[in-house]
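Visitor: Next up is a structure, given as structure tokens.
The values are calculated or read from the model by the stated rules, or taken from the named source; none is laboratory data. The structure presented is a predicted model; accordingly, all values stated were derived computationally and were not measured. Every residue, glycine as well, gets a Cβ built from its backbone with ideal geometry; the counts of neighbours run over all protein chains shown. Side chains included, ligands, DNA and RNA excluded: accessible areas come from the protein's heavy atoms. Shrake-Rupley method; radii C 1.70, N 1.55, O 1.52, S 1.80 Å.
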Amino acid sequence: AQSVAQPEDQVNVAEGNPLTVKCTYSVSGNPYLFWYVQYPNRGLQFLLKYITGDNLVKGSYGFEAEFNKSQTSFHLKKPSALVSDSALYFCAVSPRTGGFKTIFGAGTRLFVKA
Amino acid sequence: DTAVSQTPKYLVTQMGNDKSIKCEQNLGHDTMYWYKQDSKKFLKIMFSYNNKELIINETVPNRFSPKSPDKAHLNLHINSLELGDSAVYFCASSPTSGRPTDTQYFGPGTRLTVL
């Protein structure tokens, strides 16, 4: 079965420190990879995506993600966390074939402490 | 000028009732979706429509019936509501017909509470 794993329910980091939110996937056929963020009582917002090319993808709000094909991972990173980055982060994977279905991870709550 | 809007934002109702949630997108997108987010924040797709045609119908009780009167609207009707239907329901849209590279744009969500 195809799946997306976000192994950490919560990540805690101090403001100004680098952050990493992990994502691994088990989806065949070189899928497309996404990160979305959900702020409290809001819908999901797109952060970035990997389609092809450079393994390091830059996105909104200073976030970036590194694609690693051999490890089937797509970890989200930011060099210096802000308190306002505190939110719920979802990794998502879209298979190249088989329809329109995007598979979402369970989400990781990021808490940035001042 | 909200891109994807949903009404109502909150819905509190009794078990056994029938209710509807409406979604509209003004982005000119071809594809729309309904997702259910449970209390643990797990997000699961329920339905997807492309140009008014149903293309994804996940394992969802047939009490849930989506309707797309045109490609800008996708409504969700729920019959005989049960306690387990309590969740946040998100509508989303994406630009084209079936491109897996498309970004999805989400509405603000409808929090359904069944008492």
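Visitor: With heavy atoms of protein chains only and a 1.4 Å probe, what residues of region B:82-109 have at least 10 Å² less accessible area in the full set of chains than alone?
Guide: When all protein chains are present, B:90, B:98, B:100, B:101, B:102, B:103, B:104, B:106, B:108 each give up 10 Å² or more of accessible surface.
Visitor: I've got another one for you. Within straight cross-link reach of residue B:19, meaning Cα distance under 18 Å, which lysines are found once same-chain residues fewer than 8 apart are removed?
Guide: B:9, B:36, B:67
Visitor: A further question on this structure: Report, in whole Å, the centroid distance computed from the Cα atoms of region B:26-74 and region A:16-40.
Guide: If you average the Cα positions of each part, the centres end up 23 Å apart.
Visitor: What are the ³J(HN,Hα) couplings of region A:50-60, residue after residue, when phi is run through the Karplus curve with 6.51, -1.76, 1.60 and θ = phi - 60°? Round to Hz, x for glycine and proline.
Guide: 10, 10, 6, x, 3, 5, 9, 10, 9, x, 6
Visitor: A further question on this structure: So, for the protein assembly as shown, what is the accessible surface per residue at a probe of 1.4 Å, expressed in square angstrom? Walk me through the numbers on the way to the answer.
Guide: Working: 10930 Å² over 229 residues.
So the protein assembly as shown comes to 48 Å² accessible per residue, rounded to a whole number.
Visitor: Now, a different point. If I model a spin label as a point 7 Å beyond the Cα along the Cα-Cβ vector, how far apart are those points for residue A:15 and residue B:39 in nm?
Guide: Computed distance between label sites residue A:15 and residue B:39 equals 3.4 nm.
Visitor: Which residues of region A:4-34 show a drop of at least 20 Å² in accessible area when all protein chains are present, compared with their chain alone (probe radius 1.4 Å, heavy atoms only, ligands and nucleic acids excluded)?
Guide: Residues meeting the cut-off: A:32, A:34.
Visitor: Oh, and also: Chains A and B: buried accessible surface, both sides, probe 1.4 Å, rounded to 100 Å²?
Guide: By this definition, chains A and B bury close to 1900 Å².
Visitor: While we're here: How much of the accessible area of region A:3-113, probe 1.4 Å, is carbon plus sulfur, in whole percent? Walk me through the numbers on the way to the answer.
Guide: Working: 2530 of 5120 Å².
Here carbon and sulfur together make up 49 percent of the probe-accessible area.
Visitor: For region B:1-90, which whole percent of the accessible surface, found with a 1.4 angstrom probe, sits on carbon and sulfur atoms? Don't skip to the end; give the middle numbers.
Guide: Numbers: 2270 of 4650 Å².
That share works out to 49 percent.
Visitor: Can you pull a Stokes-Einstein diffusion coefficient for region B:4-114 at 10 °C (1.306 mPa s), Rh from Kirkwood over Cα pairs, as a whole number of µm²/s?
Guide: Values: Rh = 13.8 Å.
The estimated diffusion coefficient comes to 115 µm²/s.
Visitor: Could you name the lysines in cross-link range of residue A:69, using Cα to Cα under 16 Å and dropping any fewer than eight places away on the same chain?
Guide: A:22, A:49
Visitor: Give me the aspartates and glutamates in straight-line cross-link reach of residue B:52: C-alpha distance below 20 Å, same-chain residues under 8 apart excluded.
Guide: Those aspartates and glutamates meeting the cut-off are B:24, B:30, B:70, B:102.
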